[in-house]
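To start, the structure itself, in structure tokens.
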Amino acid sequence: MRAPDSDLPLQFDRIEYRAGNRSILDIGSLTISNGAPTAVIGPNGAGKTTLLRLGMGLLEPGAGRITWGRRQHAAPVRRAFLFQRPVMLMRSAAGNIDYALASVKTPRGERKRKIAELLALVGLSGFEDRPARRLSGGEQQRLALARSLARDPEILLLDEPTASLDPAAAKSVEDVLRAVANRGVKIVLSTHDLGTARRLAGDVILLHRGRIVEHSASETFFKQPKTEEARRFQAGDLLI
Amino acid sequence: MFSSAFWMLITGDPALYRIISLSLYVSLTATLIAALAGLPLGALLALKEFPGRNAVIVIVNALMGMPPVVVGLAVFLLLSRSGPLGSFGILFTPRAMIIAQAILITPIIAALARQTIADLWVQYRDELAAMNVGTAGSVATLLWDGRFSLLTALLAGFGRASAEVGAVIIVGGNIDGFTRTMTTAIALETSKGDLPLAIGLGAVLLLIVIAINALAWFVRRTGERLAGAT
């Protein structure tokens, strides 16, 4: 089923991104390969969203090179993105997923079954005919997750997927992400929530003021952080 | 006066019905053609960045207010015997009227469609980019998902076409039984002093416009509710 070209590893090479005169992101090299989820954490404005958007190819870096499977400018065929505020198409819940399935040329005959599977995966069985824009915020978030999974991605980038959810809804999203990761999809998510990062991530990237302060295995990051910033961030101190 | 206009409608006066059906045929065909040109044009202006785009938008918006007689004159010059398209010999035929009305309302449909599509594009842009949807696919998606709002643009175009008299009278010639529409007949009958027929036609024209708007409103409301557009 998989297309021959792989999008992994995702490599950032001396990436700089500026908005006007302001530097938003300035990182050395960063490689994201197959494996357990990668969590990107850091305070507001640290550059988490910019890093994810660059990794999706939605933004062009001002300087440096981004490669997917060692290819530059690879179209986002094998990757999917879950926006912090996902926009539902003006269609039914099933229609939204069908659109994503069609975008990766899933044969018409298989779509109905896949729609049912994906809705079941995110706990929205029976919501097929509901207008997507009239679902609650949490339901829309889960539908958007199902829609991004419909593209059968190799890399799934998620921008604060649990930020606007209550703890129960956040947990159900985490469960879905864990199941997806176990199926071999590489997950990269940004989060404010250290709990989410601790429960899901295999490695953690701490961003601060557009720079990578620390990138370690989750175990190391939470038990013996190498940097003062990581220690303080976990202790709940403000990083200014 | 009113009673004789009413009487003509009830008895199904053939001359009257020929005028009504020609008017509808010309304006609906013109709206269809203008939609085929105006909707993609509006979508491209909404999506594509190119040099001079803002100038084109201003011009299209300005052309919404084009005087029908000017369009009529331009089409007349194009189609007249000595004009560049004179060899087709379609001046003073319903075809010429359709062409004139289509030209008149294409900017209206394009400008209103551009606004609608641009608003939707702001919302959809990132999601479609993340789903690797190209320009053609995006245009198709925006036209489809915005179809109920775009109906309003088509209605505005149809309303303008069915109400104008300046263009069709110049390129159609108001020939009895061949190119006479409701508006040209009203103009003629009024100047002749045959007010009952003019009033009758005026009432029919109003009723048709109201009926079509009511139908479109119903379609839009029902459609939006079923598709969950809001």
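Taken together, the values in this text are just the output of simple stated rules run on the coordinates, not laboratory data. Worth saying up front: this structure is predicted, and the values here are computed from it rather than measured. When we count neighbours, we look across all protein chains shown, and the Cβ atoms used for this are built from the backbone with ideal geometry, even at glycine.
Taking 0.36 nm per intervening residue step and subtracting the Cα-Cα distance, what contour gain separates B:Ala140 from B:Ser4 on full extension?
44.0 nm
Past 25 Å, Cα to Cα, is the threshold; run A:Lys48/A:Lys226; A:Lys114/A:Lys186; A:Lys186/B:Lys48; A:Lys171/A:Lys223 against it and keep the listed order. Distance filter (> 25 Å) returns A:Lys186/B:Lys48. Applying 1/(1 + (r/R0)^6) with r as the Cβ-Cβ distance of A:Arg14 and A:Gln84 and R0 = 30 angstrom yields a FRET efficiency of 0.65. When only alpha carbons of the protein assembly as shown are considered, Rg and Dmax amount to 30.1, 99 Å.
With both labels modelled 7 Å from their Cα along Cα-to-Cβ, the A:Arg211 to A:Lys112 distance reads 5.8 nm.
From its DSSP helices (H runs of at least four residues, each -39,500 (n - 2.57)), chain B gives a residue-normalised ellipticity at 222 nm of -27000 deg cm²/dmol. Ranked for footprinting exposure by Cβ neighbours inside 10 Å, fewest first, B:Ser21, A:Ser103 give B:Ser21, A:Ser103. Going toward the positive end of the dipole of the protein assembly as shown, with +1 on Lys and Arg Cβ and -1 on Asp and Glu Cβ, which of B:Gly146, B:Leu206, B:Leu85 do you reach last? Farthest towards the positive pole: B:Gly146.
For the range B:95-230, the Kirkwood hydrodynamic radius comes to 17.4 Å, computed from all pairs of different C-alpha atoms.
Charges were assigned to the Cβ only: +1 to each Lys and Arg, -1 to each Asp and Glu. The resulting dipole of the protein assembly as shown about its Cα centre is roughly 660 debye. With each label modelled as a point 7 angstrom along the Cα→C-beta vector, the A:Arg199-A:Ser23 pair spans 3.7 nm. Between B:Ala214 and A:Asp237, the modelled labels are 7.4 nm apart [label points 7 Å from Cα along Cα→Cβ]. For chain A, the spread of Cα positions along the three principal axes, ordered from largest to smallest, is 53, 39, 34 Å. Both the radius of gyration and Dmax for the range B:9-181 are 18.6, 62 Å, in that order, over alpha-carbon atoms. Computed from point charges on the beta carbon alone (+1 for Lys and Arg, -1 for Asp and Glu), the dipole magnitude for the range A:22-148 about its Cα centre is near 260 Debye. Each residue of the range A:126-134 was assigned a 3J(HN,Hα) from its phi angle through the Karplus expression (A = 6.51, B = -1.76, C = 1.60, θ = phi - 60°), giving x, 8, 2, 8, 6, x, 4, 6, 9 Hz with x at Gly and Pro. Contact order for the range B:67-189, expressed relative to its length and based on alpha carbon pairs under 8 Å spaced 6+ residues apart, stands at 40 percent.
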